[in-house]
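Okay, so here's the structure we're looking at.
The values are calculated or read from the model by the stated rules, or taken from the named source; none is laboratory data. None of the values given here were measured: they were computed from a predicted structure. Cβ placement follows ideal geometry from the backbone for every residue including glycine, while neighbour counts extend to all protein chains displayed.
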Amino acid sequence: MVSDGTVFAGYTIDRQLGRGGMGSVYLARHPRLPRWTALKLLNQELFSDKEIRARFEREADLVAQLDHPNIVTVFDRGVEDDQLWISMQYIDGIDASMLDPATLPPDRALQIIGETAAALDYAHRAGVLHRDVKPANILLARSQSQERVYLTDFGIARLRDDSGHLTETGSFTATLAYAAPEQLTGVALDHRADQYSLACTLYTLLTGSAPYESASPAAVITGHLQSPPPPVSPRRAGLAPNLDAVMARALAKRPADRFSSCEEFVAAAQRALRTGTTGARPIARPPSGAHGQPFVAMQPMRPVHVPGTPAHPIGAAPMAARTPAQAPMPAHPQMPPRAGAPMGLPQPGMHPPMPGPAPSGQGWGSIFGVYLGLFAGVIVIAVLIAVLSNM
């Protein structure tokens, strides 16, 4: 603890703003500039823990590389009297855990989550995972014009491609109520773990409790790992049931089943609330590439070759396309063809296509054949008359 009025690393301490598991945050006056600074100090009793110190220093190094309007800026870091410290941007306001979900409009909750999603996607593109997204780490700045949202506390963040581990095997530091299943099982993480935590945060802002909230840590872990995502609409009157499908996808157990980004998740949630759509994945096309229904004026597609049947050479037309196509007769003037029907098919009021002309013989061979047939017919008739006369 640092008392008020103390000068620490050149900063004059005004008062304590908060305290967490790793350290405390103080409001301090900058030693040279006329501005307030949030000064974060590592708990002195943890200074000898190399793992904790490495994580604390990593926070400053990671966040100092991020320049985004929704991420708290880191100014400086150092060591003073065997105590690590970080100087950060001071946000005059509250954190999202202090909001009352009973009176928080859903649109405002989505606006808060939306700005947080923009910060997360920016960090992910820079290769940084937050790994501890929760309401307490979302700061809301007071402003006369509009609310400003900041994401803070990258204390356990790490680079995706970093092979070093700052936590011992089996240890877990993220807040349990908002942890993705893959964080609980110790498998490799990617940006979709932060999306899961962001969805848990939205669930809390809308309902007042986390999806798998329980007094038993084992029950919370079981919920994240095994229980289906609980629907959000029954937990608060007036929420669109379409939102349940969006939340279920963001809270999917498998990262591959979630949205591709945090902002895509938020956009789907906004559509569900405002237009009634669910934001679910589009229906996949059949493997052949054919459409589920015909399109007007669509050209014939080459059929897919089935094993055991003769295949057309590459570039060859289908059988139906090899015979000369006949153009349909014009539609009856008082019976126009149906709109949206496939071209080339007979419609009510439309004459069917005229049949093609019969093949005509050409050359002396064809004429000789005709005379030969007539001669044979005359002989057969004469024989029949002779037989009948003798009877």
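For segment 224-247, which residues satisfy the criterion of being over 12 Å from the mean Cα position of the chain (by Cα), in a helix (DSSP H, G or I) and surrounded by 15 or more Cβ atoms within 10 Å (Cβ to Cβ)?
First, the residues of segment 224-247 that are over 12 Å from the mean Cα position of the chain (by Cα): 224-245.
Of the ones still in play, those that are also in a helix (DSSP H, G or I) are 224-225, 233-235, 242-245.
Once the filter is applied, which keeps residues that are over 12 Å from the mean Cα position of the chain (by Cα), in a helix (DSSP H, G or I) and surrounded by 15 or more Cβ atoms within 10 Å (Cβ to Cβ), segment 224-247 yields His224, Ser233, Arg235, Asn242, Leu243, Asp244, Ala245.
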Practice task
With the condition kept exactly as written, say whether any residue in segment 134-150 is within 27 Å of Ala240 (Cα to Cα), in contact with a strand residue (DSSP E or B) (Cβ under 8 Å, 6 or more places away or on another chain), part of a loop (DSSP other than H, G, I, E, B) and free of Cβ contacts under 8 Å to residues at least 40 places away in the same chain.
Solution key: yes
Completion exercise
Restricting segment 203-217 to residues that are farther than 12 Å from Arg235 by Cβ and of a type outside the set (S, T, N, Q), the one surrounded by the fewest Cβ atoms within 10 Å (Cβ to Cβ) turns out to be Ala215
Practice task
Would you please list the contacts, defined by Cβ atoms under 7 Å and residues six or more apart or on different chains, that run from a residue in segment 214-243 that is in the same structural domain as Ala102 (by TED's automatic domain parsing) and β-branched (Val, Ile, Thr) to a residue that is assigned to a loop (DSSP other than H, G, I, E, B) and surrounded by 15 or more Cβ atoms within 10 Å (Cβ to Cβ)?
Solution key: Val220/Tyr212; Val220/Ser214; Val232/Leu239
Problem - Subset of segment 219-276 (residues that are touching a helix residue (DSSP H, G or I) at 6+ places or on another chain (Cβ under 7 Å), more than 26 Å from Arg125 (Cβ to Cβ) and not hydrophobic (A, V, I, L, M, F, W, C)) - result: His224, Pro229, Pro231, Ser233, Arg235, Arg236, Pro241, Asn242, Asp244, Gly276
Fill in the blank from the handout: Residue set Asp162, Asp153, Asp81, Asp100; condition closer than 21 Å to Ala210 by Cα, in a loop (DSSP other than H, G, I, E, B) and at pLDDT below 90; output residue Asp153
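For segment 107-115, does any single residue satisfy the condition of being among the β-branched types (Val, Ile, Thr) and assigned by TED's automatic domain parsing to the domain that holds Glu147?
Within segment 107-115, one or more residues are among the β-branched types (Val, Ile, Thr) and assigned by TED's automatic domain parsing to the domain that holds Glu147.
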Problem - Single residue of segment 116-133 satisfying the filter (of a type in the set (Gly, Ala, Ser) and in a helix (DSSP H, G or I)) that is surrounded by the most Cβ atoms within 10 Å (Cβ to Cβ) - result: Ala117
Practice task
Go through (1) of a type outside the set (Lys, Arg); (2) modelled with pLDDT under 90; (3) in a strand (DSSP E or B) and name the single condition Ile94 misses.
Solution key: (2)
Exercise for the section: Return the pairs, sorted by first residue and then second, in which the second residue is buried (at least 16 other Cβ atoms within 10 Å of the Cβ), the first residue lies in segment 95-124 and is of a type in the set (Lys, Arg), the beta carbons are less than 9 Å apart, and the residues are 6+ apart or on different chains. Expected result: Arg108/Leu99; Arg108/Leu205
Exercise for the section: Looking only at segment 61-80, decide whether some residue is acidic (Asp, Glu), in contact (Cβ under 8 Å) with a residue 40 or more places away in the chain and farther than 30 Å from Thr204 by Cβ. Expected result: yes
Exercise for the section: Considering every residue within segment 18-40, establish whether at least one is surrounded by 16 or more Cβ atoms within 10 Å (Cβ to Cβ), assigned to a helix (DSSP H, G or I) and over 32 Å from the mean Cα position of the chain (by Cα). Expected result: no
